[in-house]
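Please treat every number below as a calculation from the coordinates, not as lab data. Just so it is clear, the structure is predicted and the values come from calculations on it, not from any experiment. Here Cβ is always computed from backbone atoms with ideal geometry, including for glycine, and neighbour counts include all displayed protein chains.
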Amino acid sequence: MSAAETAQDAAATRNGWWLSAPALFILAFAAVGPLLIVLVYSFLTPGEYGNVEWIFSLNAWRSILLTEDIFEPGKFTLADAHLTIFWRSVKLSTLTTLITFAVGFPTAWFIATRSPRSRTMWLFLITIPFWTNLLIRTFAISEVIRNEGLLNTLLLKAGIISAPINMIYTDFAVFIGMTYVYLPLMVLPLFAAIDRFDMKLLEASYDLYASRWQTLRRVILPIVRPGIVAGSILVFVPSLGAYVTPRVLGGGKKMMIGNFIELQFGQGRNWPLGASLSILLLIVVSAALVLYVRVSGRENRHG
Amino acid sequence: MSQAIAVEARNAVKAFGQGDAVVRALDDVSVEIRQGEFFTLLGPSGCGKTTLLRLIAGFEMPTSGTILLEGADITYLPPNKRPVNTVFQSYALFPHLTVAENVGFGLQMQGRPQAEVKETAARMLALVKLEQMANRKTSQLSGGQQQRVALARALAPKPKVLLLDEPLSALDLKLRKEMQIELKRLQTETGITFIFVTHDQEEALTMSDRIGVMSAGKLQQVGPPKDIYTRPVNRFVASFIGDTNFLQATVEADGLRLSSGELIEAPAGLAQGRKVTAIVRPEQVRLVNSAELGAVTATVQNMVYFGTDTHCYMTLADGTEVMARLQTTATGDADLTQGQNVALRFAPGSVQVLED
């Protein structure tokens with residue numbers, strides 16, 4: 001096919017965009033519409049029993065960072081409770097992403113290097129957790145790690161510990177729960193990338209004097225990078241907004257942003273603050289993604 | 001050419017599988033490859049030639065036996081510690097690196113200074129005539145160009161031995177012929193020992209200083225192309241390289257008595273009364289006047305026209321098949337018809353007797 005013909009075909013394909021107009025229309029209303037409502041609400045005043053009053057106010061945005069003293073109006077202090085929650089969310093999500101990668105990469109490598117038949121079985125096993133509801137899986141973890149749970153009971157019976165280790169309702173519990181929940185989301189894109197990796201390149205690398213470590217760093221990781229980026233995004237983004245896992249495993253104490261936002265729309269009766277936190281979360285996630293893709297892309301070009 | 005030994009395999013055995021399913025890919029192979037020579041391992045697929053190459057590269061360890069590089073035992077040395085580089089059949093170029101980065105990879109891994117890596121990569125690309133492509137990604141190159149990059153990449157660290165695993169098999173015929181000449185030129189220019197694996201006998205005959213013919217995990221014969229072609233030691237070598245006529249015969253006092261009854265000239269030094277298999281290459285078969293002494297009578301069965309020559313398939317009196325490669329005449333007419341009786345003769349000195 002000539003270049004002109006190819007260009008013509010591409011133009012014809014582009015001109016057919018209006019066929020997807022109904023889908024675009026629904027998408028615009030379903031995705032952008034609610035988001036606009038949230039954005040507008042973040043600039044309003046909270047109503048006494050929830051909802052909002054239509055009075056413009058920047059208080060919600062200000063109160064993310066600063067708390068107004070109850071007794072001395074006009075005196076502001078840093079809202080360290082909010083910052084703690086933000087910091088915990090970012091920290092736990094980053095840790096979850098790192099640990100799912102550390103565990104997921106060898107797992108994905110293992111599966112991708114099996115024979116085609118057993119590979120299907122391994123992939124099947126990886127997807128089994130998806131069959132059960134997230135809430136049930138999270139309660140299952142809580143059953144294992146709570147003070148009278150499976151793990152502590154076993155350790156006590158075995159005489160390894162004399163008092164139960166307190167794991168539930170800690171950052172650690174939330175971290176374990178999220179790692180368990182999001183691990184398949186890391187393994188699957190990594191598997192897809194490693195599956196496409198030409199294993200002959202390993203021999204070529206060793207042949208050209210690269211050690212195992214150099215081969216991993218200079219050949220394998222740069223080539224499977226799209227899988228690493230995809231897996232990290234799939235884990236980091238939902239981790240940051242996680243709601244169920246911190247709720248069940250962190251108790252009421254170890255909140256993450258998701259729980260905090262829910263609180264504002266529920267007991268807190270501060271919808272504008274909830275709305276502004278939601279928008280902030282969206283901005284943080286988008287910024288993190290752009291930064292991440294840029295940085296990992298640059299490393300590749302100069303590697 | 002110096003006679004120092006570059007690579008030596010001593011009683012190399014490589015077995016795959018377990019129990020009853022053990023396959024001996026290499027069965028007690030010993031061979032010496034000289035410094036600076038173009039050595040070809042030739043054989044059908046599954047004969048063990050690639051396994052031997054992989055033992056030398058270090059990708060596999062022998063089940064027993066020793067591999068020596070310039071006299072030093074490297075049998076269990078990992079590939080990244082061997083001054084030996086490989087050109088892979090699939091090229092195995094790094095898709096995330098540019099052409100120049102691919103070529104410089106080996107030197108970089110050896111920890112050479114960046115300036116030297118760049119300079120050597122540029123020189124290597126010039127050697128394979130790809131200077132213009134230095135900053136391209138390898139996926140933007142044609143098959144022939146990728147082949148050259150793979151060569152430059154393997155040559156850049158100045159290996160003591162270059163291993164080539166059927167590197168030309170993915171190229172089309174014309175490109176393959178060009179690369180054969182190119183490879184020979186590179187080998188002469190660099191003076192590096194080349195060990196070339198192929199199943200293509202023509203490739204082996206045109207490029208090699210010496211050929212090792214392999215079959216069923218064993219080295220059948222090692223020698224210069226001419227020896228391999230004119231004096232094959234056994235039936236396998238004779239039939240794998242070129243076309244051959246096999247004739248059953250008995251040694252008599254004044255020659256070989258063919259199974260069809262005629263007496264032909266015999267090579268010297270054969271014990272009388274022995275039953276042997278004699279071979280004659282088709283281009284050594286001449287059609288002659290039936291009155292000539294020592295002529296063998298045959299019947300034409302089939303003629304196949306090949307352009308420069310015509311293959312004439314005949315049967316002797318006892319049904320033994322003989323093929324003659326006849327030079328095509330100016331009119332393109334070989335002047336023979338099916339069923340015609342002819343007389344043929346084997347060129348003096350062309351009849352060989354197989355050892356087994």
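Phi angles of segment B:226-240 translate, via the Karplus equation with coefficients 6.51, -1.76, 1.60 and θ = phi - 60°, into HN-Hα couplings of 4, 5, 4, 6, 8, 10, x, 7, 9, 4, 4, 4, 4, 8, 6 Hz per residue; Gly and Pro are given as x.
Each principal axis of the protein assembly as shown carries a Cα extent, and these read 133, 72, 51 Å when sorted largest first.
Bridge orientation summary for chain B: considering DSSP beta bridges with both residues in this region, about 75 percent are antiparallel.
Near the amide H of B:Thr63, within less than 5 Å, lie the amide hydrogens of B:Val13, B:Lys14, B:Ala15, all on another chain or at least 5 residues away, with H placed in the peptide plane. Extending 7 Å from the Cα toward the beta-carbon at both B:Phe16 and B:Ala268 defines two label points whose distance is 4.8 nm. Each residue, A:Asn147 and A:Asn51, gets one label point 7 Å from its Cα in the Cβ direction; the gap between the two is 4.3 nm. Packing order of peptides B:215-225, A:23-33, highest average first: B:215-225, A:23-33 (average count of other Cβ atoms within 10 Å over each peptide's residues). Averaged over the residues of B:106-114, the number of partner chain Cβ atoms lying within 10 Å of the residue Cβ comes to 3. Under 8 Å for C-alpha pairs, at least 6 residues apart: give me the relative contact order for segment A:80-301, rounded to a whole percent. With pairs under 8 Å counted, the relative contact order is 27 percent.
For segment B:188-234 versus segment A:206-264, the inter-centroid distance based on Cα atoms is 55 Å. Working from Cα pairs under 8 Å separated by at least six residues, relative contact order for chain B is 15 percent.
Across q = 0.13, 0.14, 0.20, 0.23 Å⁻¹, segment A:202-303 modelled as identical point scatterers on its alpha-carbon atoms has Debye log10 I(q)/I(0) values of -0.65, -0.70, -0.99, -1.14, in the order of the q list.
Counting Cβ atoms of other protein chains within 10 Å of each Cβ in B:148-159 and taking the mean gives 1.
Per-residue mean of foreign Cβ neighbours for A:194-203 is 3 (Cβ atoms of other chains, 10 Å radius). Each other residue within a Cβ distance under 11 Å of B:Arg24 adds +1 if Lys or Arg and -1 if Asp or Glu, for a net charge of 0. Counting only DSSP beta bridges whose two residues both lie in the protein assembly as shown, roughly 80 percent are antiparallel. For the protein assembly as shown, the 222 nm mean residue ellipticity estimated from helices alone, with every DSSP H stretch of n ≥ 4 adding -39500 (n - 2.57) and the total spread over all residues, rounds to -13500 deg cm²/dmol. From most to least packed by mean Cβ count within 10 Å, the peptides B:96-109, B:181-194, A:195-208 give B:96-109, A:195-208, B:181-194. In terms of the mean number of neighbouring beta-carbon atoms within 10 Å, the peptides A:102-113, B:303-314 order highest first as A:102-113, B:303-314.
Please label the shape of segment A:80-301 as rounded, prolate or oblate, based on the square roots a ≥ b ≥ c of the eigenvalues of the alpha-carbon gyration tensor (a/c under 1.5 means rounded; beyond that, a/b larger than b/c means prolate, else oblate). Verdict is oblate for segment A:80-301.
In this structure the amide hydrogen of B:Lys218, modeled in the peptide plane, comes within under 5 Å of the amide hydrogens of B:Asp27, none closer than 5 places in sequence on its chain. Checking the cross-link pairs B:Lys49/B:Lys118; B:Lys129/B:Lys177; A:Lys157/A:Lys254; B:Lys118/B:Lys177; A:Lys200/B:Lys137; A:Lys200/B:Lys14 against a 24 Å limit on the alpha carbon distance flags B:Lys49/B:Lys118; A:Lys157/A:Lys254; B:Lys118/B:Lys177 as lying beyond it. For segment A:116-157, applying the loop criterion from DSSP together with a ceiling of 12 other beta carbons within 10 Å to the trypsin sites (Lys or Arg not before Pro) yields no site.
For chain B, the fraction of C-alpha pairs more than 40 angstrom apart is 29%.
Treating r as the C-beta distance of A:Trp109 and B:Gln327 and R0 as 60 Å, the FRET efficiency rounds to 0.45.
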